[in-house]
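Shown next, in structure tokens, is the structure this report addresses.
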């Protein structure tokens, strides 16, 4: 069964969620996991795509945008409004909704940051997973 981890940022500093996304993605990548990052918008996809190249001077996170027409071979994929046909390892969900395909993944990472409406959306996702019996872990940062 899919394991779900919620990472809760205690502050609302601009860019903190994106930085945490990069940090968690880098950790998963170094542990040999395939990562699919589900973003909320095309704008967020572009922003995260750029950030993964420049996240840290000393790191390289091989990634690309996922396209159903051209399934990619990189260990880190980014997508918006597309169900990936990739190994079902780690899903990082940055959208306010739970993607329909989440249960195919061994692990789901949910980030909780931002304003109150984003936090309320995260609470709704948490209740959804909990009501269906998924293993939930919470990490307060």
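Since every read-out is calculated from the coordinates, none of them should be taken as a lab result. What you are looking at is a predicted structure, and each value in this text was computed from that prediction instead of being measured. Using ideal geometry, Cβ is built from the backbone for each residue, glycine included, and neighbour counts are taken over all protein chains shown.
Data overview
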item	result
Separation of the residue 81 and residue 56 label points, Cα + 7 Å toward Cβ, nm	3.4 nm
Column: log10 I(q)/I(0), Debye, Cα scatterers of the chain, q = 0.11, 0.17 Å⁻¹	-0.36, -0.92
Inter-probe distance in nm under a simple model that places probes 7 Å from Cα toward Cβ, at residue 67 and residue 23	3.4 nm
Calculated FRET efficiency for the pair residue 103/residue 43, C-beta based, R₀ 22 Å, to 0.05	0.20
Estimated FRET transfer efficiency when R0 is 35 angstrom, pair residue 89-residue 118 (beta carbons, to 0.05)	0.85
The range 3-140: relative contact order as a whole-number percent, Cα under 8 Å and 6+ apart	38 percent
Centre separation in Å (Cα based) which lies between the range 1-34 and the range 71-141	11 Å
